[in-house]
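The values are calculated or read from the model by the stated rules, or taken from the named source; none is laboratory data. None of the values given here were measured: they were computed from a predicted structure. Quick reminder, even Gly has a Cβ in these numbers, built from the backbone with ideal geometry, and neighbours come from all protein chains shown.
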Amino acid sequence: MRIIHVSYHYDLSIKNEEDLLEKHYTVTGWAEALHKNGADVTVMNRFGKDANLEINNVKYHFLRDHLPPVI
């Protein structure tokens, strides 16, 4: 099973990907639990810059766009 979680929320006060993941720890915990149960999990977030991380076999993609943040 493949699961993709998409978040449109973008908080200007968060400056790096690690801080975003720490703030949204429920998403990372959920994604890791799904992976442990056999799912291929990708998390996609709007962010201030483009970046990619893989942590505990979960792929995180941070995507910059030109729309205003959601506060």
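For the range 1-17, a tally of residues being free of Cβ contacts under 8 Å to residues at least 24 places away in the same chain and closer than 14 Å to residue 60 by Cα returns 1.
To keep it simple, each residue is scored yes or no on (1) under 9 Å from the mean Cα position of the chain (by Cα); (2) in contact (Cβ under 8 Å) with a residue 60 or more places away in the chain; (3) over 12 Å from residue 8 (Cα atoms).
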site	(1), (2), (3)
24	yes, no, yes
57	no, no, yes
60	yes, no, yes
68	no, no, no
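Residues of the range 60-68 include at least one that is among the hydroxyl-bearing types (Ser, Thr, Tyr) and at pLDDT 95 or above.
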